[in-house]
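> Next up is a structure, given as C-alpha cells.
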Amino acid sequence: MVGNAIEVEELRVVRGGREVLHEVSLDVPAGLVTGLLGPSGCGKTTLMRAIVGVQIVAGGTVRVLGLPAGDPALRSRVGRHARERVGYVTQAPSVYGDLTVLENLRYFAAIVEASPDRVAEVLDAVGLGDRTGQLTGSLSGGQRARVSLASALLGRPELLVLDEPTVGLDPVLRADLWKMFHALADEGTTLLVSSHVMDEAAECDQLLLMRDGRLLEQTTPQALRDRTGEDDLGRAFLSVIEAAER
Amino acid sequence: MTVRVTAATAQRVLWQIRHDKRTIALLLVVPCFLLVLLRYVLDGRPHVFQEIGAPLCGLFPFIVMFLVTSITMLRERTTGTLERLMTLPLAKLDLLAGYALAFGLLAALQAAAVCVVGFALLGLHAPHGAALVGVLAIANALLGMALGLLVSAFAQTEFQAVQFMPALIFPQLLLCGLFVARSAMAPLLEAVSWALPLTYAYDALARATSGAPLGSALLLDVLAVAVAALGAIALAALTLRRRTA
C-alpha cells in the first residue's frame, strides 16, 4: 500500500504551561511498522495522544487516514462489516481491573461490534487464552497490558497506535508480539509502536527518533546503521544526538 | 447513541459490582440496619419515627448512589478507561445512560430491601402504598447518580470525591424539611431550600407517606427531581471531554 497513514506538520503541544512538543513534523507510511523511539519523557506519549485525537494541541496539523486527528469519522466504522479505523493502546493498561479478562473483552467487543469468535482469537493472539476467567486486576502488569492490547485488536483497526506495548515482557513473548505486529502489517495494518529501548528499533521497518520534544530523524534501521557507521542501534542513536547537539 | 452500547455499558457496570460481593452486601444491609437503629433510638415515639423514618426509606438510595457513582466515574477517569472509551464509537450518552440503567437497577434492589424492612417489619405506614415510596426512591437514586457523575469531574482523588458527600448532600438533608419543617426555618434558609433538588425529593416522599391526598403537588415534585437529574446529566456530559490537556 502506498501513501501515509499519518501526516503531522509543525505540531506544538503545551502541557502544564511548558511546550513539550516543538514543531514536530513527520509522516508514518501506511502498511508498515514504524517505531517511535526516544528516552522517557521525550514526548512520545503526547505525540501519540495527538495522533489519536485526545490531546489538546497548541498548533500545527495532524492528519490520520486522510482526516483531521480525532475526527468523529475515525471513531465510527464505515459500513456494516467495515474495520474500526484507529486502535489506541495506552502505556498504563486502560482496562477494568474489577472485571475478568473475558468480561473486559466482551465489553469492548460490544462497542466495536466484534464477534465472540474474534474475542477468542485476539485472546489467543496475545497469549491469554487460558486466563479468560481471571480478574484483570489480579494479573501481572505485563498480562494486563496484553488485555489492553487484545481489546484494541478486536475491531481490526486500520491504524494501531501502541504506547510501549512490550515493556517488561518476557523476551519470548516480546518476540511473539513483534511477529504479530509484522503479520498485522502484512495484512495492511499500519502500526506506530513506541519504545524507550533501542533494541526494539531493529524490529521496525521505519524509525522516528525523538528527544526533548523534537523529532531528530526519520529513517530506517539500515539507513541509520549505514549513515552513522554504528552496527548497534543504541550507539547509532547516540551519534545522531551528538550530531544534533554539535 | 445506540441501544447495544448503552446496554453493554450497563451490563459492564453490573459485572463490576457483581465481583464486589461486599459492596452488594453493604448496599443492601446498611440502610436496613440504620432504619432499625432509628426505630429503637426513637423507641416510644412512633409518631416521630413515622415522620422521619418513612421518607428516609426513599432517601437512602439517593445518598448511596451519589457516592458510589462519583467514585466509579472518578476511577474511570483516573485509570484511563474513560480516555480509551472516548476514542471508540461510544456516544457520551451511551456511557451516561448505561450508568443510569445499572445504578437504577441497584437502587431498585436497595429500595425494595429498605421498604420491606420499614413498612413490613418496623410498622411504618405508607397510606398510598409502599410501592410508591419505592418508585420515588428509584427516581431519587437517579438524581443522586446524576449529581455524583457531575461532581466526579471536580474530584482529582477518591479522598476528595468522598468529601463531596458531606459538602453537597448533608446541607440538602438539613434543609429539605426532614428534620425541621422548612416553614419553621429562617427566611434565608427557606429561600435556599427552594433551590435544592432534595427539597422536592423529600416533599414527594412526605406526601407519599402521609395521609394527605397526593394531588398535582406530587407530580410537580417528581417533575422538579427529573429536571434536576437531567440538568445534572447534561452538565456531566459536558465534563466528558474527548480531548484533554
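Rule-based calculations on the coordinates, nothing more; no lab input. This is a predicted model, so every value here is computed, not measured. Note that we place each Cβ from the backbone using ideal geometry, even for glycine, and neighbour counts take in every protein chain shown.
> For region B:3-239, what is the relative contact order in percent, using Cα pairs closer than 8 Å and at least 6 residues apart in sequence? Please list the in-between numbers first.
Working: 304 pairs, mean separation 64.5, N = 237.
It comes to 27 percent, rounded to a whole number.
> Considering only A:151, A:55, B:100, whose Cα is most displaced toward the positive end of the charge dipole of the protein assembly as shown, charges sitting on Cβ of Lys, Arg (+1) and Asp, Glu (-1)?
B:100
> With only Lys, Arg, Asp and Glu charged, each at its Cβ (+1 for the first two, -1 for the last two), find how big the charge dipole of region B:1-135 is about the Cα centre; round to the nearest 20 debye. Present the calculation step by step, with values, prior to reporting the outcome.
Details: 11 positive and 6 negative charges, 72 e Å.
Dipole size: approximately 340 debye.
> Partner chain Cβ atoms within 10 Å, averaged over the residues of B:88-95 - can you pull that number for me? Let's see the in-between values first.
Details: counts 13, 11, 5, 1, 0, 0, 1, 0.
Across the residues of B:88-95, the mean count of other-chain Cβ atoms within 10 Å is 4.
> Relative contact order, percent, of region B:115-240 when contacts are C-alpha pairs under 8 Å separated by at least 6 residues? Please report the intermediate quantities before stating the final value.
Values: 111 pairs, mean separation 46.4, N = 126.
Reported relative contact order: 37 percent.
> Over the alpha-carbon set of the protein assembly as shown, work out the extent along each principal axis and list the three values in angstrom, largest first.
93, 48, 40
> Putting +1 on Lys and Arg Cβ atoms and -1 on Asp and Glu Cβ atoms, find which of B:124, B:90, B:33 reaches farthest to the positive end of the dipole of chain B.
Result: B:90.
> Given a Förster radius of 35 Å and the C-beta distance between residue A:175 and residue A:246 as r, what FRET efficiency does 1/(1 + (r/R0)^6) yield to the nearest 0.05? Walk me through the numbers on the way to the answer.
On the way: r = 36 Å, r/R0 = 1.04.
Efficiency computed from Cβ-Cβ geometry: 0.45.
> Taking K and R as +1 and D and E as -1, what net charge do the other residues with C-beta under 15 Å from the C-beta of residue B:152 add up to?
Working: positive: B:75, B:77, B:92, B:241; negative: B:76, B:83, B:158.
Once all neighbours under 15 Å are counted, the net charge is +1.
> Could you state the angle between the C-alpha long axis of helix B:130-152 and the longest principal axis of the C-alpha atoms of chain B, as a value from 0 to 90 degrees rounded to the nearest 10?
On a 0 to 90 degree scale, this one is about 40.
> Of the options A:189, A:239, A:224, report the single residue whose Cα projects farthest towards the positive end of the charge dipole of region A:187-246 (beta-carbon charges: Lys, Arg +1; Asp, Glu -1).
Checked the options; the winner is A:239.
> Where is the GNM fluctuation largest for chain B (alpha-carbon springs, 10 angstrom cutoff): B:199, B:78, B:209?
B:78
> Pull out a ≥ b ≥ c, the square roots of the eigenvalues of the alpha-carbon gyration tensor of region B:3-239, then state rounded if a/c is under 1.5, prolate if not and a/b is larger than b/c, and oblate in the remaining case.
prolate
> Under unit Cβ charges (Lys, Arg +1; Asp, Glu -1), what dipole magnitude, rounded to 20 debye, does region B:112-245 have relative to its Cα centre?
Numbers: 5 positive and 4 negative charges, 76 e Å.
Approximately 360 debye in magnitude.
> Please give the charge dipole size of the protein assembly as shown, origin at the Cα centre, charges +1 on K and R Cβ atoms and -1 on D and E Cβ atoms. Round to the nearest 20 debye.
Once rounded to the nearest 20, the dipole reads 1460 debye.
> Quick query: amide H of residue A:207 versus all other amide H atoms, modeled in the peptide plane; which residues come in under 5 Å with a sequence gap of 5 or more or a different chain?
Residues meeting the criterion, in which the H sits 1.01 Å from N, are A:35, A:219, A:220.
> List the chymotrypsin sites (Phe, Trp or Tyr not before Pro) within region B:58-162 that DSSP assigns to loop and that have no more than 14 neighbouring Cβ atoms inside 10 Å. Walk me through the intermediate numbers first.
Numbers: sites: B:62, B:66, B:99, B:103, B:119, B:154, B:159; in loops: B:154.
Here the sparse-neighbourhood loop sites are B:154.
> Would you mind classifying region A:154-216 by shape? Square roots of the alpha carbon gyration tensor eigenvalues, ordered a ≥ b ≥ c; an a/c under 1.5 is rounded, otherwise it is prolate if a/b is larger than b/c and oblate if not.
Numbers: a/c = 1.86, a/b = 1.24, b/c = 1.50.
Since a/c reaches 1.5 but b/c is at least a/b, the shape of region A:154-216 is classed as oblate.
> When only Cα pairs under 8 Å and 6 or more residues apart are kept, what is the percent relative contact order across chain A?
Numbers: 478 pairs, mean separation 63.1, N = 246.
RCO, chain A: 26 percent.
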